[in-house]
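Enquirer: This is the structure I have questions about; it appears just below.
The values are calculated or read from the model by the stated rules, or taken from the named source; none is laboratory data. Keep in mind that what you see is a predicted model, and the values were worked out from it rather than measured. All Cβ positions, even for glycine, are placed from backbone atoms using ideal geometry, and neighbour counts span all protein chains on display. Surface accessibility is based on the protein's heavy atoms, side chains included, excluding ligands, DNA and RNA. Shrake-Rupley method; radii C 1.70, N 1.55, O 1.52, S 1.80 Å.
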Amino acid sequence: MNVARENHTAILLPNGQVLVTGGFGSSGSSGFIGSSEVYDPVTGRWTLAGILVTAREYHTTSLLPNGKILAAAGEDSSFGPIASAELYDIGLGFSSSWQPALTLVPPSVSLGAELAMAGSLFRGISGGSCGNSQDSPGDAPALQLRSLQTDQIIIVPPAAWTSNSFTSMPVSGLPVGHVLATVYVNGIPSASAVVQVQAATIVVYGTRLGNGDFQLSLTYATGTSFSALMSSNVTTALSNWTVLGSVTETLPGQYQFTDTQAATQPRRFYRIRSP
């Protein structure tokens with residue numbers, strides 16, 4: 001880094017770089033640092049960025065839906081709390097006329113479900129690539145989901161799209177909670193929307209097989225681990241239910257478990273849990 005520091009913040013930017021702001025070090029008369037730096041993982045280099053109006057440590061930085069970073073509160077050179085906040089603008093780096101926009105986004109989506117949104121400029125704009133006879137704009141938007149709890153990012157390809165509508169492939173691989181949803185067209189991000197990722201509903205079916213075995217089938221997000229539990233009394237405390245074994249994912253999102261002891265047991269209750 002250009003400036004050694006502690007008690008700073010670091011936050012992942014929408015372009016994949018990392019912004020570090022403020023902190024405390026040996027620079028200046030008080031040791032409070034007002035500078036910020038950006039780390040580029042492609043080059044492995046740190047570059048000095050903007051200067052905070054108020055040098056601070058122990059503050060917070062938050063990514064806003066419009067791509068700007070909010071630095072708020074903390075402690076200044078008086079060693080007292082700060083009531084002020086500042087914005088860091090990474091800048092567009094492209095013409096605003098090329099930026100896709102989200103106009104209608106559902107407040108929530110379940111794991112394993114598609115996310116459908118309305119907006120504009122979801123198709124690549126000719127000239128947005130290089131602007132001459134070798135122009136090669138893309139025509140497939142991509143959806144980025146960023147967990148606000150963990151900063152985990154996944155890219156969800158489209159299942160269908162037009163210039164003003166986008167439907168993603170099923171959402172999976174994220175923890176439940178709120179995410180920032182951003183549509184990218186030719187690498188240009190829209191302003192983000194906050195969407196809550198919810199646990200998918202587990203639909204369980206029970207079937208008595210011809211040989212007397214009992215088969216449980218369920219539908220859920222792919223890649224999930226489940227266990228099947230049994231008790232002869234439905235009021236038994238969950239900690240006392242018997243674990244029968246793991247539920248097998250037979251097809252993506254389709255799970256099955258067969259109780260081979262059911263034929264000799266006239267009364268059995270089942271639970272499915274994860275893991």
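Enquirer: Go through segment 148-170 and report how many residues are assigned to a strand (DSSP E or B) and in contact with a Leu (Cβ under 6 Å, 6 or more places away or on another chain).
Expert: 3
Enquirer: Follow-up question, since we're still on this one. Would you say residue 152 is under 17 Å from residue 67 (Cα atoms), open to solvent by 30 Å² or more (accessible area, probe 1.4 Å) and within 16 Å of the chain's Cα centre (by Cα)?
Expert: Considered against the rule, which asks whether it is under 17 Å from residue 67 (Cα atoms), open to solvent by 30 Å² or more (accessible area, probe 1.4 Å) and within 16 Å of the chain's Cα centre (by Cα), residue 152 comes out as yes.
Enquirer: Can I ask one more? Any idea how many residues of segment 238-255 are open to solvent by less than 50 Å² (accessible area, probe 1.4 Å) and either of a type in the set (Gly, Ala, Ser) or out of contact with any Asp or Glu (no Cβ under 7 Å at 6 or more places or on another chain) (or both)?
Expert: Number satisfying all stated conditions: 4.
Enquirer: Does segment 256-263 include one or more residues that are out of contact with any Leu (no Cβ under 7 Å at 6 or more places or on another chain), open to solvent by 70 Å² or more (accessible area, probe 1.4 Å) and within 28 Å of residue 102 (Cβ to Cβ)?
Expert: Within segment 256-263, none of the residues are out of contact with any Leu (no Cβ under 7 Å at 6 or more places or on another chain), open to solvent by 70 Å² or more (accessible area, probe 1.4 Å) and within 28 Å of residue 102 (Cβ to Cβ).
Enquirer: I would also like to ask the following. How many residues are surrounded by 16 or more Cβ atoms within 10 Å (Cβ to Cβ), part of a loop (DSSP other than H, G, I, E, B) and in contact with a Ser or Thr (Cβ under 7 Å, 6 or more places away or on another chain) if we restrict to segment 173-208?
Expert: So the answer is 5.
Enquirer: Also, quick follow-up: Tell me the residue from 132, 164, 211 that is at pLDDT 90 or above, polar (S, T, N, Q) and surrounded by fewer than 13 Cβ atoms within 10 Å (Cβ to Cβ), please.
Expert: Matching residue, one of 132, 164, 211: 211.
Enquirer: Would you be able to tell me the number of residues in segment 54-67 that are assigned to a loop (DSSP other than H, G, I, E, B), open to solvent by 30 Å² or more (accessible area, probe 1.4 Å) and either modelled with pLDDT of 95 or more or closer than 29 Å to residue 181 by Cα (or both)?
Expert: 4
Enquirer: For segment 224-250: of the residues being closer than 11 Å to residue 275 by Cα and under 29 Å from the mean Cα position of the chain (by Cα), which is modelled with the lowest pLDDT?
Expert: Of everything passing the filter in segment 224-250, 224 is modelled with the lowest pLDDT.
Enquirer: Here's another thing I want to ask about it. Please indicate, with yes or no, whether at least one residue in segment 68-77 is part of a loop (DSSP other than H, G, I, E, B), closer than 30 Å to residue 193 by Cβ, open to solvent by 30 Å² or more (accessible area, probe 1.4 Å) and in contact with a strand residue (DSSP E or B) (Cβ under 7 Å, 6 or more places away or on another chain).
Expert: Among the residues of segment 68-77, at least one is part of a loop (DSSP other than H, G, I, E, B), closer than 30 Å to residue 193 by Cβ, open to solvent by 30 Å² or more (accessible area, probe 1.4 Å) and in contact with a strand residue (DSSP E or B) (Cβ under 7 Å, 6 or more places away or on another chain), which makes the answer yes.
Enquirer: Name the single residue that is nearest to residue 113 (Cα to Cα) among those in segment 209-221 being assigned to a loop (DSSP other than H, G, I, E, B) and of a type outside the set (A, V, I, L, M).
Expert: Restricting to residues being assigned to a loop (DSSP other than H, G, I, E, B) and of a type outside the set (A, V, I, L, M), the top hit is 220.
Enquirer: Could you tell me which residue of segment 19-53 is farthest from the chain's Cα centre (by Cα), considering only residues that are of a type in the set (Val, Ile, Thr) and open to solvent by 40 Å² or more (accessible area, probe 1.4 Å)?
Expert: 53
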